[in-house]
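Derivation of every value follows stated rules applied to the coordinates shown; laboratory data play no part. The structure presented is a predicted model; accordingly, all values stated were derived computationally and were not measured. When we count neighbours, we look across all protein chains shown, and the Cβ atoms used for this are built from the backbone with ideal geometry, even at glycine.
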Amino acid sequence: MSNYWFKKGKGDWNWVPLNWKGGFALFILFFVNIFASQYFKFMNLGIDGVLKFLVVFFLSLFIFIMVAKHKTKR
């Protein structure tokens, strides 16, 4: 069994999950960002809510990209 979670696609931003761990990591990324958008209510609070959401969004995206790069089959 492979230790890799993703395989490299045709583009720089294209990761395809290889096993359940990669799929779960992708699901967690979506879940965290959807939960954050509901928690901060960034569409109704103005700039403060938007900034808090963007911090969570970019931090979760950065962590996902670092994990995906580390766990990608070259």
**Message:** Can you tell me the mean projection area, over all orientations, of the convex hull of the range 29-74's alpha carbons? Units nm², please.
**Reply:** 3.2 nm²
**Prompt:** Fully extended, how many nm does the chain gain between residue 37 and residue 54 (0.36 nm per residue separation, minus their Cα-Cα distance)?
**Reply:** 5.2 nm
**Request:** Provide the net charge surrounding residue 36, with neighbours chosen by a C-beta distance below 15 Å and charges set as Lys +1, Arg +1, Asp -1, Glu -1.
**Result:** +1
